[in-house]
Every structure is written in structure tokens, then in C-alpha cells.
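Chemist: Take this structure, written in C-alpha cells, and hold onto it; I'll ask about it next.
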């Protein structure tokens, strides 16, 4: 009998003709995640298996991999004889403490001479005969013994660890996350990665109005997302000249609206250059002036690329709960302002006119400013490990 990690696919099982693509991508992502751990990964359409000597470390890493429905530490045997099966189950449960149990058998090998119900009955009877003071409880057992009869092997396992679910990263293409230092955008990024989208990020800095500490904060957030995304490329845009030009020439109530329109334009260009199919941001309906429906429409109209807003219908407390779960909350609440909060007017317009936006934008040479900002941008590749100090400028 060999001890192994068993991975259940969950939602991937619904993919029919594309199933092999999704599963092979999941395997590739697992290999990247476990690259410094001794292991061997193999799979079929029903399950994926990992052999290793460091089970705890492997499971710790796999808990951050999308596409896994459940993780199980189990055992495999090539002996399909019923007497061997019941004796192996007895050996496995002998070290466990329980008063009630049930046996659940699945039989993908339909040529096996004994059906699933009968296998469960035989194994359960063997346990009752050899272990005192236990009984069967099919509704709420303390211990569930799972047996899977496959073509050339038998699997045994007990309780599992819930995985993240979703799709393997990269199966649904690429997106560009508009990553600020706030609470919302990292959560939006996490939820997008869960749906199989591999993310790059864009960050707008405005020195000297924003500090290096604010930038470092964003890169720390990117590192957290890299746990789920394998890595994050962060495109850093110097937004100072654009922001100061807007401040000097545009009516103050329209500052945020025009600024966001410029960010959208730049983000769409960066996304296209890096073969990203969508923009992603942390906008939540009604949370601030630039996130009313009319504001979103006036800002969104400057790009043709789809804009995904995963937290649009979440309230703030729901977003905070997710940020705490994924480990971004404490970073997001560090007291360093980003360029979206530095020049917030006292009374920003909540129902901006697209026609007025165009009229005000005509007052500044925004196309030249955008070109200059993009030409001078830098890209930082952020990995998972702490020793990566954001020095990998591309």
C-alpha cells in the first residue's frame, strides 16, 4: 500500500471535450507551485495523484491552487481482491479513534464482480467484527471510509481538505488588473484568478505626491496575488504629469472622472500590448463618486475592451471578509495614499456628463501625455518568495 495525495477536480469534470486541456493546465500550475519540493505528479480523467515525502508542505502549497475541489491524503493498492481490501481498511482505521462510521464505495471498474453496496457491506461487517464498541451510522458518522475500485488499483481515503475550486489559472486567457493600494482591487484580482484568468497588474504612481512606501505596499499586494497566479507582472505608470495637468486645467468637480478616464485609456493600451483580453478593477457600485452608474458609464466609454468588476455588487464588509481570508487586508490598510486619493475634490461630480468630459479633455494635450507615460513605464515581476525584492525589472 502506498501513501499518496489525491486531488479531486470538481468543476473541471464538466468540461467534456476540453477536459484534458483544463486538467493538463492544472498539472502545469501544480508543477510550478511545487518546483522546489520533491514530488511526482500524474493524473487521469478521474483524479490527479501526487507522490511525495513531504505531505504537509505539498498540501500547504496546493491549498493556494485554483482548480482543485478537494485534497485527500489517501492510499493506493494494486490488489483488488475483496479479502485484501477489507484487511487493508482494518489496518488503516486501527490507529483512529471513533465510535460511529460508514463505508462509501465507488466502482468505476464496472467489470469488478462485486457491486458498490456489497463491498461497503463486506468491509463494514469486517470492521464491526474486529473492532469493539463501534457501530454504523450512515447519516452522521464520526469516520467515513471511502473506497474507490478502479481498473487497476484501489484507493482508500478518509476526510479531505476543501480546495479553492474554480478553474486552473491561465485556462481562460489573460487580464490586466488595475491594482491600487486599497482593499477592493486585490479582492477583485483574486476572484478573477479563480475563474481561470491569469492576471498582470497596472499601478499608477504620482511622485512626489505618492511615496515609495505606497508603491511597495502595492507590490506586497501583488505578491499575495502571486500565490494564486504563480507570478504577477506589475506595470508601473508615472502619472504625475497627467495628474498635475488635470489639476491645473480641469474644473475640480471633474478631477476624478477625467483622471479615471486617463487611467482607463492607459490600461487598455498596456493590456493590448501584453495580450490581455479584459481590464479588471475593484469598483463597487455606489461606494465612491466615481462608482455611481453614471460615473462608470462616463469613464468606461473611453475604452472598447471589456471591463470586469468582480466586487461590483458586494458591500464593503463582504469585500473586507474576503480580503482577510486571502491575506491582503492588513497590507491594504497600511497608511500610504495612492494617487486616486491624493487629489480627491471636496465635491466630486456623481453624475458626470460625457459631453463635458470631452470638452474638458480638449483643454489638455492628453494624448501626448499618455504616450509619454506609457513610453516611460517600467514592469516589475513579482513572485511568491520573500527573497524576491521586486528587483526583477523587465
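Chemist: Answer rounded, prolate or oblate for segment 256-387, using the Cα gyration tensor with square roots of eigenvalues a ≥ b ≥ c: rounded when a/c is under 1.5, else prolate when a/b is larger than b/c, else oblate.
Modeler: The shape class here is oblate.
Chemist: Which percent, to the nearest 5, of DSSP beta bridges fully inside segment 174-382 are antiparallel?
Modeler: Numbers: 5 of 20 bridges.
Percentage antiparallel, nearest 5: 25.
Chemist: Only Cα pairs within less than 10 Å get springs; with that Gaussian network setup on the chain, which residue of 70, 205, 244 has the largest fluctuation?
Modeler: Top of the fluctuation ranking is 244.
Chemist: Shifting gears a bit: So, in Å, what gap is there between the alpha-carbon centers of segment 297-323 and segment 109-127?
Modeler: Each part's Cα centre sits 52 Å from the other's.
Chemist: Quick one: of the DSSP bridges fully inside the chain, what percent are antiparallel, nearest 5?
Modeler: On the way: 31 of 56 bridges.
Bridges in the chain are about 55 percent antiparallel.
Chemist: If you line up the long axis of helix 82-93 against the longest principal axis of the chain, both from Cα atoms, how many degrees apart are they, to the nearest 10?
Modeler: 60 degrees
Chemist: Post the alpha-carbon centroid distance, segment 193-220 to segment 138-155, in whole angstrom.
Modeler: When both Cα centres are located, 46 Å separates them.
Chemist: Using Cα springs under 10 Å in a Gaussian network model of the chain, which residue among 215, 375, 194 shows the largest mean-square fluctuation?
Modeler: With Cα springs under 10 Å in the chain, the top fluctuation among 215, 375, 194 is at 375.
Chemist: Would you compute, from DSSP H runs of 4+ residues alone, the mean residue ellipticity of the chain at 222 nm, taking -39500 (n - 2.57) per run and dividing by the full residue count, rounded to the nearest 500?
Modeler: Working: 14 runs with 153 residues, N = 394.
After summing the helix terms and dividing by the residues of the chain, the value is -11500 deg cm²/dmol.
Chemist: Just to be sure I understand the curve: with the Debye formula and one point per C-alpha of segment 64-103, what is log10 I(q)/I(0) at q = 0.22, 0.25, 0.26, 0.27 Å⁻¹?
Modeler: -0.87, -0.96, -0.99, -1.02
Chemist: Next up: Give me the angle, in degrees from 0 to 90, between the Cα long axis of helix 366-375 and the longest principal axis of the Cα atoms of the chain, rounded to the nearest 10.
Modeler: That helix lies at roughly 50 degrees to the long axis.
Chemist: Kirkwood Rh over Cα pairs of segment 133-178 into Stokes-Einstein at 37 °C, 0.692 mPa s: D in µm²/s? Could the numbers behind the result be given before it?
Modeler: Details: Rh = 15.3 Å.
Taking Rh from Cα pairs, D becomes 215 µm²/s.
Chemist: Compare 311, 145, 58 in a GNM of the chain, Cα atoms joined below 10 Å, and give the one with the largest fluctuation.
Modeler: Evaluated over the chain, the most mobile residue of the options is 145.
Chemist: For segment 27-186, what proportion of DSSP beta bridges, expressed in % and rounded to the nearest 5, is antiparallel? All intermediate terms of the calculation are to be shown ahead of the outcome.
Modeler: Details: 15 of 24 bridges.
Antiparallel: roughly 60 percent of the beta bridges in segment 27-186.
Chemist: Using 7 Å Cα-to-Cβ label points, what is the residue 99/residue 368 separation (nm, one decimal)?
Modeler: That separation, rounded to one decimal, is 8.3 nm.
Chemist: When all alpha-carbon pairs of segment 2-162 are counted, what percent fall beyond 27 Å?
Modeler: Working: 3786 of 12880 pairs.
In whole percent, the share of Cα-Cα pairs in segment 2-162 beyond 27 Å is 29.
Chemist: For segment 360-377 and segment 32-87, what is the separation of their Cα centres, given in Å?
Modeler: One Cα centre to the other: 53 Å.
Chemist: Between residue 313 and residue 109, take the C-beta separation as r, use R0 = 41 Å, and let me know the FRET efficiency to the nearest 0.05.
Modeler: Details: r = 46 Å, r/R0 = 1.12.
For residue 313 and residue 109, the calculated efficiency is 0.35.
Rule-based calculations on the coordinates, nothing more; no lab input. Note that the structure is predicted; figures quoted are calculated from it, not measured. Every residue, glycine as well, gets a Cβ built from its backbone with ideal geometry; the counts of neighbours run over all protein chains shown.
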